[in-house]
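Below is one structure; the comments refer to it alone.
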Amino acid sequence: MPVRLKATEDLVPITDLRQNSARILSRLRSERRPVIIMQRGRSAAVMERVEDYEQRLERLELLEAIVRGLQASQAGNVVSNEQVMRELRKAALG
């Protein structure tokens, strides 16, 4: 589950990242909150744990598939359960 950003702690100037990268990475791993890297007073990048990034991508792909399915259903592009089962059996038999 995503953890809320704490603006007072999670906004890191790029100079701090350069000077304290090990400490910032350690905090990133332990607190499991993303870090916003600031450059010239503006947000420039987001740094997060690889595991969290991969989970976010998987969730996004699932949500996109659900939306595509809903859109197909609304457009009438549906297949009956019986037809799907026939196709699966046919594919399994070769």
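Hey, among the residues in segment 3-28 that are open to solvent by 70 Å² or more (accessible area, probe 1.4 Å) and under 15 Å from Val46 (Cβ atoms), which one's modelled with the lowest pLDDT?
Leu5
Can we say Leu63 is part of a helix (DSSP H, G or I) and either aliphatic (A, V, I, L, M) or in contact (Cβ under 8 Å) with a residue 60 or more places away in the chain (or both)?
Yes: the conditions hold for Leu63.
Got a number for residues in segment 40-60 being open to solvent by less than 80 Å² (accessible area, probe 1.4 Å), touching a residue at least 12 places away in the same chain (Cβ under 8 Å) and either part of a helix (DSSP H, G or I) or not aliphatic (A, V, I, L, M) (or both)?
3
Quick test for you: out of Ser43, Ser80, Ser21, pick the one residue that is over 30 Å from Lys6 (Cβ atoms) and among the hydroxyl-bearing types (Ser, Thr, Tyr). Give the steps one after another, and end with the answer.
Working: Ser43 fails: over 30 Å from Lys6 (Cβ atoms); Ser21 fails: over 30 Å from Lys6 (Cβ atoms).
Selected residue: Ser80, the only one of Ser43, Ser80, Ser21 that is over 30 Å from Lys6 (Cβ atoms) and among the hydroxyl-bearing types (Ser, Thr, Tyr).
The values are calculated or read from the model by the stated rules, or taken from the named source; none is laboratory data. Just so we're clear, the structure is a prediction, and the values are computed from it rather than from any experiment. All Cβ positions, glycine included, derive from the backbone under ideal geometry; neighbour counts span all protein chains shown. Keep in mind that these areas ignore ligands, DNA and RNA; they rest on the heavy atoms of the full protein, side chains included. Shrake-Rupley method; radii C 1.70, N 1.55, O 1.52, S 1.80 Å.
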